[in-house]
Amino acid sequence: MRYADTTDPGITMTSGRNNLYSILDAPAQLPIRPLFGLKNEQLTEALAEFSAPAYRARQLAHGLYRDWAASLDDITTLPKSFREQLAQAGYSIGLPEIVETFKSIDGTERYLIATGDGQTVETVWMPEGDDGEEGDGSQAGDEEAIGHHDATICVSSQIGCAVNCQFCLTAKLGIIRNLTPGEIAGQVVAVLKRHGVQIGRDRINLVFMGMGEPFLNYDAFMDAVRLLVGEIGIAESRMTVSTSGIVPGIERFAQELVRPKLAISLNAPNDKVREEIMPITRKWDIANLVDAVRKVPLRTRERVTLEYVLLGGVNDQPTHAAEVVKLIRRAGLPAKVNLIAWNPGPGIPYEMPSPEDVSRFQQHLIDHGVPAFLRRPRGRDIYAACGQLKRTVEV
Ligand code: SAH
Ligand code: SF4
(Lines give C-alpha, C1' and ligand atoms only; values in the text may rest on other atoms or scores of the structure.)
(Ligands and ions follow the chains in the order given, each with its own letter.)
Protein backbone atom coordinates (compact mmCIF):
# COMPACT_ATOMS: atom_id res chain seq x y z
CA MET A 1 0.00 0.00 0.00
CA ARG A 2 1.34 3.40 -0.95
CA TYR A 3 0.88 6.21 1.49
CA ALA A 4 -0.04 9.69 0.47
CA ASP A 5 2.74 12.08 -0.28
CA THR A 6 2.27 14.45 2.60
CA THR A 7 4.24 17.19 0.87
CA ASP A 8 1.37 17.44 -1.57
CA PRO A 9 -0.47 20.59 -0.51
CA GLY A 10 -3.71 19.22 -1.90
CA ILE A 11 -3.65 16.48 0.68
CA THR A 12 -2.34 18.12 3.78
CA MET A 13 -4.28 21.34 3.46
CA THR A 14 -7.72 19.80 3.38
CA SER A 15 -10.03 20.77 6.14
CA GLY A 16 -10.30 17.37 7.69
CA ARG A 17 -6.97 17.46 9.39
CA ASN A 18 -7.79 20.65 11.23
CA ASN A 19 -11.03 19.11 11.94
CA LEU A 20 -9.55 16.00 13.35
CA TYR A 21 -7.70 18.15 15.82
CA SER A 22 -10.79 20.05 16.73
CA ILE A 23 -12.53 16.72 17.22
CA LEU A 24 -9.77 15.59 19.54
CA ASP A 25 -9.89 18.90 21.38
CA ALA A 26 -13.63 18.77 21.89
CA PRO A 27 -14.79 18.01 25.41
CA ALA A 28 -14.91 14.23 25.72
CA GLN A 29 -18.49 13.99 26.95
CA LEU A 30 -19.95 15.87 24.01
CA PRO A 31 -20.93 14.09 20.81
CA ILE A 32 -19.19 15.28 17.65
CA ARG A 33 -21.73 17.24 15.73
CA PRO A 34 -20.67 17.69 12.09
CA LEU A 35 -22.27 20.67 10.41
CA PHE A 36 -21.31 19.78 6.85
CA GLY A 37 -24.25 17.94 5.36
CA LEU A 38 -27.00 19.73 7.24
CA LYS A 39 -29.62 21.38 5.07
CA ASN A 40 -30.89 24.89 5.77
CA GLU A 41 -33.75 23.88 8.07
CA GLN A 42 -31.37 21.67 10.05
CA LEU A 43 -28.81 24.45 10.37
CA THR A 44 -31.54 26.80 11.58
CA GLU A 45 -32.67 24.16 14.09
CA ALA A 46 -29.09 23.60 15.24
CA LEU A 47 -28.59 27.29 15.84
CA ALA A 48 -31.85 27.67 17.73
CA GLU A 49 -30.21 26.72 21.05
CA PHE A 50 -27.88 29.73 20.73
CA SER A 51 -30.69 32.24 20.12
CA ALA A 52 -28.71 33.66 17.23
CA PRO A 53 -30.40 35.79 14.57
CA ALA A 54 -31.78 33.85 11.59
CA TYR A 55 -29.21 35.15 9.12
CA ARG A 56 -26.43 33.32 11.00
CA ALA A 57 -27.71 30.05 9.49
CA ARG A 58 -27.28 31.54 6.01
CA GLN A 59 -23.76 32.71 6.85
CA LEU A 60 -22.93 29.29 8.16
CA ALA A 61 -24.33 27.61 5.02
CA HIS A 62 -22.29 29.96 2.87
CA GLY A 63 -19.13 29.11 4.80
CA LEU A 64 -19.82 25.38 4.53
CA TYR A 65 -21.04 25.02 0.98
CA ARG A 66 -19.67 27.98 -1.01
CA ASP A 67 -16.37 28.74 0.73
CA TRP A 68 -15.69 25.13 1.80
CA ALA A 69 -14.36 26.37 5.12
CA ALA A 70 -11.80 24.09 6.72
CA SER A 71 -12.71 24.98 10.29
CA LEU A 72 -15.24 27.07 12.13
CA ASP A 73 -12.57 29.71 12.61
CA ASP A 74 -12.43 30.22 8.87
CA ILE A 75 -16.03 31.41 8.80
CA THR A 76 -15.16 34.95 9.76
CA THR A 77 -18.62 36.30 8.96
CA LEU A 78 -19.65 34.66 12.25
CA PRO A 79 -18.53 36.54 15.39
CA LYS A 80 -15.62 34.87 17.15
CA SER A 81 -17.62 34.39 20.32
CA PHE A 82 -20.33 32.61 18.37
CA ARG A 83 -17.80 30.30 16.70
CA GLU A 84 -16.49 29.46 20.16
CA GLN A 85 -19.96 28.73 21.44
CA LEU A 86 -20.52 26.34 18.54
CA ALA A 87 -17.22 24.55 19.16
CA GLN A 88 -17.94 24.28 22.88
CA ALA A 89 -21.28 22.67 22.09
CA GLY A 90 -19.40 19.99 20.12
CA TYR A 91 -19.99 21.32 16.62
CA SER A 92 -17.30 21.08 13.98
CA ILE A 93 -17.29 21.40 10.21
CA GLY A 94 -16.85 17.65 9.78
CA LEU A 95 -15.82 17.68 6.13
CA PRO A 96 -14.35 14.29 5.20
CA GLU A 97 -10.58 14.30 4.71
CA ILE A 98 -8.48 12.79 1.92
CA VAL A 99 -6.02 10.56 3.76
CA GLU A 100 -4.45 8.72 0.88
CA THR A 101 -4.06 9.35 -2.84
CA PHE A 102 -3.22 6.91 -5.62
CA LYS A 103 -2.29 8.40 -8.98
CA SER A 104 -2.71 6.49 -12.22
CA ILE A 105 -0.58 6.92 -15.30
CA ASP A 106 -3.76 7.95 -17.14
CA GLY A 107 -4.36 10.95 -14.88
CA THR A 108 -7.04 9.27 -12.76
CA GLU A 109 -6.69 9.66 -9.01
CA ARG A 110 -8.23 7.44 -6.38
CA TYR A 111 -8.65 8.73 -2.85
CA LEU A 112 -9.28 7.15 0.47
CA ILE A 113 -11.42 9.61 2.34
CA ALA A 114 -11.75 9.30 6.09
CA THR A 115 -15.09 9.56 7.81
CA GLY A 116 -15.33 10.63 11.43
CA ASP A 117 -15.48 7.04 12.76
CA GLY A 118 -12.18 5.79 11.37
CA GLN A 119 -13.65 4.19 8.25
CA THR A 120 -12.61 5.15 4.74
CA VAL A 121 -14.57 5.54 1.56
CA GLU A 122 -13.23 5.68 -1.96
CA THR A 123 -13.69 8.47 -4.44
CA VAL A 124 -12.20 8.78 -7.93
CA TRP A 125 -11.23 11.85 -10.00
CA MET A 126 -11.09 11.33 -13.76
CA PRO A 127 -9.76 14.24 -15.75
CA GLU A 128 -11.05 14.43 -19.31
CA GLY A 129 -9.11 16.25 -21.99
CA ASP A 130 -10.91 18.63 -24.28
CA ASP A 131 -11.07 15.80 -26.77
CA GLY A 132 -13.31 13.90 -24.38
CA GLU A 133 -13.32 10.16 -24.71
CA GLU A 134 -10.41 10.18 -27.13
CA GLY A 135 -8.16 11.76 -24.54
CA ASP A 136 -5.61 9.53 -22.92
CA GLY A 137 -5.47 11.72 -19.83
CA SER A 138 -1.92 12.82 -20.56
CA GLN A 139 -3.03 16.39 -20.97
CA ALA A 140 -4.47 16.50 -17.46
CA GLY A 141 -1.46 18.31 -16.07
CA ASP A 142 -1.64 21.00 -18.75
CA GLU A 143 -5.29 21.39 -18.08
CA GLU A 144 -4.61 22.19 -14.46
CA ALA A 145 -1.74 24.47 -15.39
CA ILE A 146 -4.02 26.69 -17.45
CA GLY A 147 -6.54 26.68 -14.62
CA HIS A 148 -9.43 24.89 -16.20
CA HIS A 149 -10.96 21.57 -15.30
CA ASP A 150 -13.13 19.16 -17.21
CA ALA A 151 -13.45 16.17 -14.96
CA THR A 152 -15.73 13.49 -13.58
CA ILE A 153 -15.85 12.53 -9.93
CA CYS A 154 -17.03 9.03 -9.02
CA VAL A 155 -18.74 9.13 -5.62
CA SER A 156 -19.49 6.35 -3.10
CA SER A 157 -22.85 6.04 -1.40
CA GLN A 158 -22.17 3.30 1.15
CA ILE A 159 -19.19 1.65 2.81
CA GLY A 160 -19.27 -1.76 1.18
CA CYS A 161 -22.36 -3.08 -0.55
CA ALA A 162 -25.08 -5.60 0.27
CA VAL A 163 -26.01 -6.48 -3.29
CA ASN A 164 -23.49 -9.24 -3.91
CA CYS A 165 -22.89 -8.99 -7.64
CA GLN A 166 -20.51 -11.84 -8.38
CA PHE A 167 -18.08 -9.82 -10.54
CA CYS A 168 -17.65 -6.83 -8.21
CA LEU A 169 -14.87 -6.37 -5.68
CA THR A 170 -16.91 -4.03 -3.48
CA ALA A 171 -19.39 -6.87 -2.95
CA LYS A 172 -16.70 -8.83 -1.11
CA LEU A 173 -16.86 -6.36 1.75
CA GLY A 174 -20.53 -6.89 2.45
CA ILE A 175 -22.31 -3.81 3.73
CA ILE A 176 -20.47 -1.99 6.48
CA ARG A 177 -22.69 1.05 6.77
CA ASN A 178 -24.60 3.75 4.94
CA LEU A 179 -22.93 7.09 4.35
CA THR A 180 -24.60 10.26 5.60
CA PRO A 181 -25.56 13.10 3.24
CA GLY A 182 -22.54 15.05 4.53
CA GLU A 183 -20.21 12.14 3.81
CA ILE A 184 -21.58 11.73 0.28
CA ALA A 185 -21.51 15.45 -0.64
CA GLY A 186 -18.31 15.85 1.42
CA GLN A 187 -16.39 13.47 -0.85
CA VAL A 188 -17.16 15.79 -3.73
CA VAL A 189 -16.10 18.92 -1.86
CA ALA A 190 -12.88 17.32 -0.58
CA VAL A 191 -11.93 16.49 -4.17
CA LEU A 192 -13.02 19.87 -5.58
CA LYS A 193 -10.85 21.59 -2.96
CA ARG A 194 -7.87 19.43 -3.75
CA HIS A 195 -8.00 20.44 -7.41
CA GLY A 196 -8.88 24.08 -6.79
CA VAL A 197 -12.07 23.69 -8.81
CA GLN A 198 -14.20 26.76 -9.30
CA ILE A 199 -17.89 26.03 -9.65
CA GLY A 200 -19.18 27.96 -12.65
CA ARG A 201 -15.82 28.07 -14.41
CA ASP A 202 -14.97 24.37 -14.46
CA ARG A 203 -17.01 21.56 -15.95
CA ILE A 204 -17.50 18.89 -13.33
CA ASN A 205 -19.62 15.78 -13.76
CA LEU A 206 -20.61 13.52 -10.90
CA VAL A 207 -21.31 9.83 -11.20
CA PHE A 208 -22.71 8.00 -8.19
CA MET A 209 -21.01 4.79 -9.21
CA GLY A 210 -18.45 4.30 -6.47
CA MET A 211 -18.84 1.89 -3.60
CA GLY A 212 -22.33 0.92 -2.61
CA GLU A 213 -25.86 0.89 -3.94
CA PRO A 214 -27.25 4.45 -3.87
CA PHE A 215 -30.88 3.25 -3.90
CA LEU A 216 -30.32 1.20 -0.75
CA ASN A 217 -29.35 4.46 0.97
CA TYR A 218 -32.00 6.45 -0.79
CA ASP A 219 -32.77 9.30 1.61
CA ALA A 220 -29.16 10.18 2.36
CA PHE A 221 -28.25 9.91 -1.31
CA MET A 222 -31.06 12.25 -2.40
CA ASP A 223 -30.31 14.68 0.45
CA ALA A 224 -26.72 14.78 -0.80
CA VAL A 225 -27.93 15.43 -4.35
CA ARG A 226 -30.07 18.34 -3.12
CA LEU A 227 -27.09 19.81 -1.25
CA LEU A 228 -24.84 19.42 -4.28
CA VAL A 229 -27.40 21.06 -6.56
CA GLY A 230 -28.90 23.72 -4.27
CA GLU A 231 -25.99 24.69 -2.05
CA ILE A 232 -22.81 23.67 -3.82
CA GLY A 233 -24.10 24.62 -7.27
CA ILE A 234 -23.56 21.58 -9.50
CA ALA A 235 -26.39 21.06 -12.01
CA GLU A 236 -28.31 17.80 -11.69
CA SER A 237 -28.00 17.39 -15.47
CA ARG A 238 -24.28 16.82 -14.84
CA MET A 239 -24.96 13.96 -12.43
CA THR A 240 -25.69 10.30 -13.11
CA VAL A 241 -26.73 7.71 -10.56
CA SER A 242 -26.27 4.04 -11.24
CA THR A 243 -28.38 1.34 -9.62
CA SER A 244 -28.20 -2.42 -9.74
CA GLY A 245 -31.98 -2.37 -10.08
CA ILE A 246 -33.59 -1.65 -6.72
CA VAL A 247 -37.18 -1.36 -7.94
CA PRO A 248 -38.71 0.55 -4.98
CA GLY A 249 -35.82 3.02 -5.22
CA ILE A 250 -36.39 3.56 -8.93
CA GLU A 251 -40.09 4.13 -8.23
CA ARG A 252 -39.29 6.80 -5.64
CA PHE A 253 -36.73 8.32 -7.97
CA ALA A 254 -39.43 8.64 -10.62
CA GLN A 255 -41.25 11.09 -8.31
CA GLU A 256 -38.30 13.43 -7.77
CA LEU A 257 -38.44 16.90 -9.26
CA VAL A 258 -34.69 17.40 -9.04
CA ARG A 259 -32.78 14.29 -9.95
CA PRO A 260 -29.62 13.06 -11.65
CA LYS A 261 -29.76 11.07 -14.85
CA LEU A 262 -30.42 7.36 -14.40
CA ALA A 263 -28.19 4.43 -15.27
CA ILE A 264 -29.23 0.81 -14.73
CA SER A 265 -26.67 -1.96 -14.40
CA LEU A 266 -28.29 -4.43 -16.75
CA ASN A 267 -25.19 -6.57 -17.31
CA ALA A 268 -27.03 -9.52 -18.81
CA PRO A 269 -29.21 -10.34 -21.83
CA ASN A 270 -31.77 -12.38 -19.87
CA ASP A 271 -32.87 -13.29 -16.34
CA LYS A 272 -31.00 -16.58 -16.34
CA VAL A 273 -27.58 -15.05 -16.88
CA ARG A 274 -28.46 -12.07 -14.72
CA GLU A 275 -29.46 -14.30 -11.79
CA GLU A 276 -26.08 -15.97 -11.94
CA ILE A 277 -24.06 -12.79 -11.91
CA MET A 278 -26.48 -10.53 -10.01
CA PRO A 279 -28.48 -12.63 -7.52
CA ILE A 280 -30.68 -9.59 -6.82
CA THR A 281 -32.46 -10.53 -10.07
CA ARG A 282 -34.35 -13.15 -8.04
CA LYS A 283 -35.99 -10.34 -6.13
CA TRP A 284 -36.61 -8.02 -9.08
CA ASP A 285 -36.32 -9.51 -12.55
CA ILE A 286 -35.62 -7.63 -15.77
CA ALA A 287 -39.35 -7.18 -16.50
CA ASN A 288 -39.89 -5.60 -13.05
CA LEU A 289 -36.92 -3.40 -13.69
CA VAL A 290 -38.12 -2.20 -17.08
CA ASP A 291 -41.58 -1.44 -15.67
CA ALA A 292 -40.05 0.70 -12.92
CA VAL A 293 -37.75 2.55 -15.32
CA ARG A 294 -40.71 3.36 -17.55
CA LYS A 295 -42.22 5.34 -14.68
CA VAL A 296 -39.31 7.80 -14.66
CA PRO A 297 -40.35 10.87 -16.66
CA LEU A 298 -37.43 11.59 -18.97
CA ARG A 299 -36.37 15.08 -19.91
CA THR A 300 -36.14 16.15 -23.56
CA ARG A 301 -33.45 14.11 -25.30
CA GLU A 302 -32.69 12.22 -22.07
CA ARG A 303 -31.91 8.54 -22.44
CA VAL A 304 -31.61 5.91 -19.76
CA THR A 305 -28.13 4.44 -19.68
CA LEU A 306 -27.92 0.67 -19.52
CA GLU A 307 -24.58 -0.41 -18.20
CA TYR A 308 -23.29 -3.71 -19.37
CA VAL A 309 -20.16 -5.25 -17.90
CA LEU A 310 -18.72 -7.67 -20.45
CA LEU A 311 -17.55 -10.88 -18.78
CA GLY A 312 -15.49 -13.13 -21.05
CA GLY A 313 -17.62 -16.04 -22.30
CA VAL A 314 -20.50 -15.28 -19.93
CA ASN A 315 -22.46 -12.45 -21.53
CA ASP A 316 -20.27 -11.16 -24.37
CA GLN A 317 -21.19 -13.43 -27.28
CA PRO A 318 -23.10 -12.47 -30.45
CA THR A 319 -26.23 -14.33 -29.29
CA HIS A 320 -26.16 -12.22 -26.13
CA ALA A 321 -25.86 -9.01 -28.14
CA ALA A 322 -28.85 -10.06 -30.25
CA GLU A 323 -30.87 -10.69 -27.07
CA VAL A 324 -29.93 -7.29 -25.68
CA VAL A 325 -31.17 -5.60 -28.87
CA LYS A 326 -34.50 -7.47 -28.58
CA LEU A 327 -34.79 -6.67 -24.90
CA ILE A 328 -34.31 -2.94 -25.55
CA ARG A 329 -36.77 -2.95 -28.45
CA ARG A 330 -39.38 -4.70 -26.33
CA ALA A 331 -38.83 -2.27 -23.48
CA GLY A 332 -39.48 0.63 -25.84
CA LEU A 333 -37.28 2.93 -23.77
CA PRO A 334 -35.00 5.63 -25.11
CA ALA A 335 -31.82 3.93 -23.99
CA LYS A 336 -28.14 3.87 -24.70
CA VAL A 337 -25.75 1.15 -23.68
CA ASN A 338 -22.45 1.73 -21.94
CA LEU A 339 -20.24 -1.28 -22.38
CA ILE A 340 -17.56 -1.85 -19.76
CA ALA A 341 -14.97 -4.57 -20.21
CA TRP A 342 -14.79 -6.36 -16.87
CA ASN A 343 -11.96 -5.14 -14.66
CA PRO A 344 -10.32 -8.03 -12.84
CA GLY A 345 -10.04 -8.27 -9.09
CA PRO A 346 -8.35 -10.77 -6.77
CA GLY A 347 -10.43 -13.83 -6.04
CA ILE A 348 -13.11 -13.06 -8.61
CA PRO A 349 -13.63 -16.00 -10.94
CA TYR A 350 -14.26 -14.26 -14.26
CA GLU A 351 -12.24 -13.49 -17.33
CA MET A 352 -11.77 -10.30 -19.25
CA PRO A 353 -13.53 -10.32 -22.60
CA SER A 354 -11.34 -10.44 -25.70
CA PRO A 355 -11.00 -7.14 -27.58
CA GLU A 356 -12.58 -8.81 -30.63
CA ASP A 357 -15.64 -9.89 -28.67
CA VAL A 358 -15.96 -6.41 -27.21
CA SER A 359 -15.91 -4.71 -30.64
CA ARG A 360 -18.21 -7.29 -32.15
CA PHE A 361 -20.71 -6.81 -29.32
CA GLN A 362 -20.63 -3.03 -29.68
CA GLN A 363 -20.94 -3.20 -33.47
CA HIS A 364 -23.94 -5.53 -33.24
CA LEU A 365 -25.80 -3.05 -31.06
CA ILE A 366 -24.90 -0.10 -33.28
CA ASP A 367 -25.87 -1.98 -36.45
CA HIS A 368 -29.27 -2.64 -34.91
CA GLY A 369 -29.91 0.98 -33.99
CA VAL A 370 -28.91 0.83 -30.33
CA PRO A 371 -26.41 3.56 -29.38
CA ALA A 372 -23.53 1.76 -27.69
CA PHE A 373 -20.41 3.27 -26.17
CA LEU A 374 -17.34 1.59 -24.84
CA ARG A 375 -16.23 2.98 -21.51
CA ARG A 376 -12.49 3.12 -21.44
CA PRO A 377 -11.14 1.72 -18.19
CA ARG A 378 -9.77 4.48 -16.01
CA GLY A 379 -7.07 4.01 -13.43
CA ARG A 380 -6.92 0.21 -13.64
CA ASP A 381 -3.30 0.33 -12.45
CA ILE A 382 -4.39 1.92 -9.16
CA TYR A 383 -7.55 -0.15 -8.76
CA ALA A 384 -9.74 2.86 -9.43
CA ALA A 385 -11.74 1.35 -12.28
CA CYS A 386 -15.38 0.23 -12.00
CA GLY A 387 -15.88 -2.53 -9.51
CA GLN A 388 -12.34 -2.35 -8.18
CA LEU A 389 -12.91 -0.07 -5.24
CA LYS A 390 -11.85 -1.22 -1.82
CA ARG A 391 -9.02 -3.41 -2.93
CA THR A 392 -7.01 -1.71 -0.24
CA VAL A 393 -8.62 -3.77 2.47
CA GLU A 394 -7.18 -6.89 0.91
CA VAL A 395 -3.52 -5.88 0.74
N1 SAH B 1 -24.08 -0.19 -7.09
C2 SAH B 1 -24.36 0.56 -8.26
C3 SAH B 1 -23.30 1.60 -8.55
C4 SAH B 1 -21.88 1.22 -8.29
S5 SAH B 1 -21.22 -0.04 -9.35
C6 SAH B 1 -24.54 -0.36 -9.45
O7 SAH B 1 -24.23 -1.53 -9.35
O8 SAH B 1 -25.02 0.12 -10.46
C9 SAH B 1 -20.95 0.90 -10.85
C10 SAH B 1 -20.85 0.06 -12.12
O11 SAH B 1 -19.66 -0.73 -12.10
C12 SAH B 1 -21.99 -0.91 -12.30
O13 SAH B 1 -22.55 -0.77 -13.58
C14 SAH B 1 -21.33 -2.27 -12.17
O15 SAH B 1 -22.00 -3.24 -12.94
C16 SAH B 1 -19.94 -1.99 -12.66
N17 SAH B 1 -18.93 -2.94 -12.18
C18 SAH B 1 -18.88 -3.58 -11.00
N19 SAH B 1 -17.78 -4.36 -10.92
C20 SAH B 1 -17.13 -4.22 -12.10
C21 SAH B 1 -15.91 -4.75 -12.64
N22 SAH B 1 -15.15 -5.58 -11.92
N23 SAH B 1 -15.54 -4.37 -13.87
C24 SAH B 1 -16.28 -3.50 -14.58
N25 SAH B 1 -17.42 -2.95 -14.12
C26 SAH B 1 -17.85 -3.31 -12.91
FE1 SF4 C 1 -22.93 -3.30 -5.18
FE2 SF4 C 1 -22.91 -2.14 -7.60
FE3 SF4 C 1 -20.90 -3.79 -6.83
FE4 SF4 C 1 -23.31 -4.79 -7.37
S5 SF4 C 1 -21.94 -3.77 -8.82
S6 SF4 C 1 -22.06 -5.31 -5.59
S7 SF4 C 1 -24.64 -3.17 -6.59
S8 SF4 C 1 -21.43 -1.84 -5.92
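State whether the residues of segment 344-355 include one that is open to solvent by less than 30 Å² (accessible area, probe 1.4 Å), at pLDDT 95 or above and either within 12 Å of ligand 1 (Cβ to nearest atom) or part of a loop (DSSP other than H, G, I, E, B) (or both). There is at least one residue in segment 344-355 that is open to solvent by less than 30 Å² (accessible area, probe 1.4 Å), at pLDDT 95 or above and either within 12 Å of ligand 1 (Cβ to nearest atom) or part of a loop (DSSP other than H, G, I, E, B) (or both).
Residues that are of a type in the set (A, V, I, L, M) and either more than 19 Å from E122 (Cβ to Cβ) or not in a loop (DSSP other than H, G, I, E, B) (or both) within segment 198-230 comprise I199, I204, L206, V207, L216, A220, M222, A224, V225, L227, L228, V229, listed in sequence order.
Out of everything in segment 257-285 that is within 24 Å of V188 (Cα to Cα) and in contact with an Asp or Glu (Cβ under 9 Å, 6 or more places away or on another chain), what residue ends up being farthest from ligand 2 (Cβ to nearest atom)? Step by step, filter segment 257-285, then rank; the result is V258. Of all residues in segment 92-125, those being among the hydroxyl-bearing types (S, T, Y) and either assigned to a loop (DSSP other than H, G, I, E, B) or in contact with a Pro (Cβ under 8 Å, 6 or more places away or on another chain) (or both) number 4. On the stretch given as segment 336-373, residues that are farther than 16 Å from A268 by Cβ, within 16 Å of ligand 2 (Cβ to nearest atom) and hydrophobic (A, V, I, L, M, F, W, C) total 1. Looking only at segment 164-174, residues that are within 13 Å of ligand 1 (Cβ to nearest atom) and either buried (at least 23 other Cβ atoms within 10 Å of the Cβ) or without any contact (Cβ under 8 Å) to a residue 24 or more places away in the chain (or both) come to 4 in all. Could you tell me whether T77 is part of a loop (DSSP other than H, G, I, E, B), hydroxyl-bearing (S, T, Y) and modelled with pLDDT of 50 or more? It is true that T77 is part of a loop (DSSP other than H, G, I, E, B), hydroxyl-bearing (S, T, Y) and modelled with pLDDT of 50 or more. Could you tell me whether segment 240-255 includes any residue that is more than 16 Å from ligand 2 (Cβ to nearest atom) and crowded, with 22+ Cβ neighbours inside 10 Å? No, segment 240-255 contains no residue that is more than 16 Å from ligand 2 (Cβ to nearest atom) and crowded, with 22+ Cβ neighbours inside 10 Å.
Filter segment 294-314 for residues that are within 16 Å of ligand 2 (Cβ to nearest atom) and more than 18 Å from F167 (Cα to Cα) and give the result.
Initial filter on segment 294-314 (within 16 Å of ligand 2 (Cβ to nearest atom)): 305-311, 314.
Answer for segment 294-314, where residues must be within 16 Å of ligand 2 (Cβ to nearest atom) and more than 18 Å from F167 (Cα to Cα): just T305.
Is at least one residue of segment 97-114 within 16 Å of ligand 1 (Cβ to nearest atom), modelled with pLDDT of 95 or more and either among the hydrophobic types (A, V, I, L, M, F, W, C) or surrounded by fewer than 15 Cβ atoms within 10 Å (Cβ to Cβ) (or both)? The answer is no; no qualifying residue exists.
Before we move on, is T281 in a strand (DSSP E or B), out of contact with any Cys (no Cβ under 7 Å at 6 or more places or on another chain) and within 17 Å of G249 (Cβ to Cβ)? Criteria not met by T281.
Within the option set E276, E213, E231, being crowded, with 22+ Cβ neighbours inside 10 Å and in contact (Cβ under 8 Å) with a residue 24 or more places away in the chain holds for one residue only, E213. Per the conditions (1) within 15 Å of ligand 1 (Cβ to nearest atom); (2) buried (at least 19 other Cβ atoms within 10 Å of the Cβ); (3) more than 25 Å from E236 (Cβ to Cβ), the sole criterion not satisfied by I264 is (3).
The values are calculated or read from the model by the stated rules, or taken from the named source; none is laboratory data. Predicted, not measured: the structure shown is a model, and the values here were computed from it. For neighbour counting, all protein chains shown are included, and Cβ atoms are generated from backbone atoms with ideal geometry for every residue, glycine included. We work out accessible area using only protein heavy atoms, side chains counted, and drop any ligands, DNA or RNA first. Shrake-Rupley method; radii C 1.70, N 1.55, O 1.52, S 1.80 Å.
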